[in-house]
Amino acid sequence: EVQLVESGGGLVQPGGSLRLSCSASGFTFRSYAMHWVRQAPGKGLEYVSSVRSDGASTYYPDSVKGRFTISRDNSKNMVHLQMSGLRPEDTAVYYCVKGGRYSSDCLDYWGQGTLVTVSS
Amino acid sequence: QSVLTQPPSVSAAPGQKVTISCSGSSSNIEINHVSWYQHLPGTAPKLLIYENDKRPSGIPDRFSGSKSGTSATLGITGLQTGDEADFYCGTWDSSLSTGVFGGGTKLTVL
């Protein structure tokens, strides 16, 4: 059974930093792309970052480029999202999501999400 | 504004059929596969359709997907009250080099 468990969410002040982690199990982690997707209150889903199966390529939308960094540790079945320069508009539930063999493939398993609140 | 365009809401009676459209462009839907997700508040989104028209195991055949050019459509037949949720289309945008979603469509089963 595929399981994705996020951790690291919480309250942070504007301009601050936070590191989210996701522990994966139930599949051959090193073979699949991984993603972070968020949903702000009252808003839709938004891709936040993606990382190729080998970690060699990463992808970000303009809204977080230069502020967020995704990384993965295939030896520990973990994926991380380092967030800096946080803004109130980054407040959202952040989901860790398993992709396919390629970064452009569908998102087939989702974690339960972790809430990040950016507020003073 | 979302890169992909969906209607904000659709509604139909139990037992009826509904379709949800998703409009994109030559850099996303036209050249990449489309997926559809069902999202109930407070839960993790669930994959309904992948590669335009394929259903993961466990998804009933009441749900179907299609794609033509720069648009995709999700169809749901035999509507049930338990189908009420937000539905999102998603794909990869090869110009932006990131995944993109539609703004979501809220389904109400009257």
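The values are calculated or read from the model by the stated rules, or taken from the named source; none is laboratory data. Please read these numbers as outputs of a predicted model, since none were measured by experiment. Glycine also receives a Cβ, built like all others from the backbone with ideal geometry; neighbour counts cover every protein chain displayed.
Figures for the structure shown
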{"item": "One residue from B:Ile31, B:Ile49 being at pLDDT 95 or above, in a strand (DSSP E or B) and within 11 Å of chain A (Cβ to nearest Cβ)", "result": "B:Ile49"}
{"item": "Count - residues of region A:104-115 that are in a loop (DSSP other than H, G, I, E, B) and either farther than 20 Å from A:Pro61 by Cα or more than 7 Å from chain B (Cβ to nearest Cβ) (or both)", "result": "4"}
{"item": "Listing of strands (runs of 3 or more DSSP E) fully contained in region A:1-63 that carry 2 or more residues being in contact with a Phe, Trp or Tyr (Cβ under 6 Å, 6 or more places away or on another chain)", "result": "A:34-39, A:45-51"}
{"item": "All positions within region A:78-103 that are more than 13 Å from every other protein chain (Cβ to nearest Cβ), part of a loop (DSSP other than H, G, I, E, B) and buried (at least 17 other Cβ atoms within 10 Å of the Cβ)", "result": "A:Leu86, A:Thr91"}
{"item": "Residue check, B:Gly75 more than 28 Å from A:Lys65 (Cβ to Cβ) and part of a loop (DSSP other than H, G, I, E, B)", "result": "no"}
{"item": "Where a residue in region A:1-17 is under 19 Å from B:Pro45 (Cβ atoms) and its partner, wherever it lies, is in a loop (DSSP other than H, G, I, E, B), with Cβ under 6 Å and at least six apart", "result": "A:Glu1/A:Gly26; A:Val2/A:Gly26; A:Val2/A:Phe27; A:Gln3/A:Gly26; A:Leu4/A:Gly111; A:Glu6/A:Gly111"}
{"item": "Qualifying residue in region B:53-74 (condition: at the interface with another protein chain (Cβ under 8 Å from one of its Cβ atoms) and surrounded by fewer than 21 Cβ atoms within 10 Å (Cβ to Cβ))", "result": "yes"}
{"item": "So A:Pro61, is it more than 16 Å from A:Gly100 (Cβ to Cβ) and more than 13 Å from the chain's Cα centre (by Cα)", "result": "no"}
{"item": "Cβ pairs under 6 Å, 6+ apart, first in region A:46-59 and more than 7 Å from chain B (Cβ to nearest Cβ), second at pLDDT below 95", "result": "A:Arg52/A:Ser103"}
